Amino acid sequence: ARQFCDYNVREYSKRRTIDAFKDNKNLTDPSQLSAAFSDGKAQLEVAKRQALVYSLYAPKVKSIMDIKPS
């Protein structure tokens, strides 16, 4: 998530990742583990595409969360 330049995409991907790990922490069946891993990789690709689109149409004003105090 740190690689995403947009704050919203960064926070969204962190939140989704944490939630997915919590939901899948008790999986033991190899097929379910494989499905969860595949879903995670697909979600990562979605986030990467979303970050690319955001970077193409980035606003000129940064998010207040990205501005570092002087």
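The values are calculated or read from the model by the stated rules, or taken from the named source; none is laboratory data. These figures come from a predicted structure and were not determined experimentally. We place every Cβ from the backbone using ideal geometry, glycine too, and count neighbours over all the protein chains shown. All accessible areas refer to the heavy atoms of the entire protein, side chains included, with ligands and DNA or RNA removed. Shrake-Rupley method; radii C 1.70, N 1.55, O 1.52, S 1.80 Å.
Quick rundown of the values:
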{"item": "Criterion (modelled with pLDDT under 90, in a helix (DSSP H, G or I) and on the phi < 0 side of the Ramachandran plot) met by exactly one of LYS41, LYS60, LYS48, LYS22", "result": "LYS48"}
{"item": "Complete set of residues in the range 12-40 that are of a type outside the set (S, T, N, Q), closer than 30 Å to TYR54 by Cβ and open to solvent by less than 80 Å² (accessible area, probe 1.4 Å)", "result": "ASP19, ALA20, ALA35, ALA36, GLY40"}
{"item": "Cross-chain or 6+ apart pairs with Cβ under 6 Å, the range 22-44 first and over 25 Å from VAL9 (Cβ atoms), then open to solvent by 70 Å² or more (accessible area, probe 1.4 Å) and modelled with pLDDT of 90 or more", "result": "LEU27/LEU33"}
{"item": "Candidate set: the range 1-11, residues that are open to solvent by 80 Å² or more (accessible area, probe 1.4 Å) and within 11 Å of the chain's Cα centre (by Cα); chosen: the one farthest from VAL53 (Cα to Cα)", "result": "ARG2"}
